[in-house]
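Accompanying notes for the structure given below.
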Amino acid sequence: EDQVTQSPEALRLQEGESSSLNCSYTVSGLRGLFWYRQDPGKGPEFLFTLYSAGEEKEKERLKATLTKKESFLHITAPKPEDSATYLCAVQARTRSSASKIIFGSGTRLSIRP
Amino acid sequence: KAGVTQTPRYLIKTRGQQVTLSCSPISGHRSVSWYQQTPGQGLQFLFEYFSETQRNKGNFPGRFSGRQFSNSRSEMNVSTLELGDSALYLCASSLVRWTSGTFSYNEQFFGPGTRLTVL
């Protein structure tokens, strides 16, 4: 069964303390992995798309990487405004060769000043 | 470019009633997906429409239905509301690629959501 697991569920960091969020997946036929940021009461905001193992994308203090089994979202020297829930989603091939998107449960990141 | 819009933003209904939510995708996006988000279950996929056809469906009862119009706008309907239907309902739109005989999605762009409270 296709599955996407994010860890940890919650992470509290001090401002400036770098860390990584993990998204591991078990899917048949990966067609892309997406990272989103979601603030309370709002819709998820798109951050990155990764398509193949070894690919990396960067945006400000965030860097996303992809291997054949997992993706990491590295956050360098975070600021309080980086506090949010970070969601990972995987696009997988279905039996009929269509595509489906599966979301992980998210990591709640809190940055203390 | 205007983003995804959802109306209404907030709704309060009572058990047994029905509700219709609306979503206007980003111009040019023909795929529209609906999700239910609750604190306990996270983001749960409801269904996806492309060119007025439902192409994917999640594991929700038949009380949840939807449709898409020729201008790609989509509506979602929930009949016979239950307390457990209280949630944030999110709509997302996406471009779709046709590669080697299969559909693939580009990244999804989400609307602000409709907060439904069932009393």
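Quick note: the coordinates plus some simple rules give every number you see, no bench work behind them. Since this is a predicted model, take the numbers as computed values, not measurements. Note that we place each Cβ from the backbone using ideal geometry, even for glycine, and neighbour counts take in every protein chain shown.
Just a few scattered comments:
- Taken over the range B:20-38, the residue count meeting the criterion of being part of a strand (DSSP E or B) and either in contact with a Phe, Trp or Tyr (Cβ under 7 Å, 6 or more places away or on another chain) or of a type outside the set (V, I, T) (or both) is 11.
- Residue tally, condition farther than 24 Å from B:Q36 by Cα and under 12 Å from the mean Cα position of the chain (by Cα), over the range A:64-113: 9
- The one condition in (1) within 14 Å of another protein chain (Cβ to nearest Cβ); (2) surrounded by 17 or more Cβ atoms within 10 Å (Cβ to Cβ); (3) not in a strand (DSSP E or B) that A:P78 fails to fulfil: (1)
- Residue count, the range B:70-110 (criterion: over 21 Å from A:I101 (Cβ atoms) and either crowded, with 22+ Cβ neighbours inside 10 Å or over 13 Å from the mean Cα position of the chain (by Cα) (or both)): 11
- The residues of the range B:1-20 that are closer than 16 Å to B:R73 by Cβ and within 13 Å of chain A (Cβ to nearest Cβ), listed by number, are B:G3, B:V4, B:T5, B:Q6.
- Within the range B:24-41, the set of residues being farther than 20 Å from A:S99 by Cα, within 11 Å of another protein chain (Cβ to nearest Cβ) and either exposed (fewer than 13 other Cβ atoms within 10 Å of the Cβ) or aromatic (F, W, Y) (or both) comprises B:P39, B:G40, B:Q41.
- The residue of the range A:41-61 that is surrounded by the fewest Cβ atoms within 10 Å (Cβ to Cβ), among those that are of a type outside the set (D, E, K, R) and in contact with a Ser or Thr (Cβ under 8 Å, 6 or more places away or on another chain), is A:G54.
- Lone qualifier among A:E1, A:E45 - being within 14 Å of chain B (Cβ to nearest Cβ), charged (D, E, K, R) and under 15 Å from the mean Cα position of the chain (by Cα): A:E45
- The range A:81-112, subset more than 26 Å from A:R31 (Cα to Cα) and among the hydroxyl-bearing types (S, T, Y), residue surrounded by the fewest Cβ atoms within 10 Å (Cβ to Cβ): A:S110
- Wholly enclosed strands (runs of 3 or more DSSP E) of the range B:58-119 bearing at least 3 residues touching a strand residue (DSSP E or B) at 6+ places or on another chain (Cβ under 7 Å) and within 12 Å of another protein chain (Cβ to nearest Cβ): B:87-94, B:102-105
- If the condition is being touching a residue at least 40 places away in the same chain (Cβ under 8 Å), of a type in the set (G, A, S) and closer than 22 Å to B:P39 by Cα, then the range A:3-62 contributes A:S7, A:A10, A:S24.
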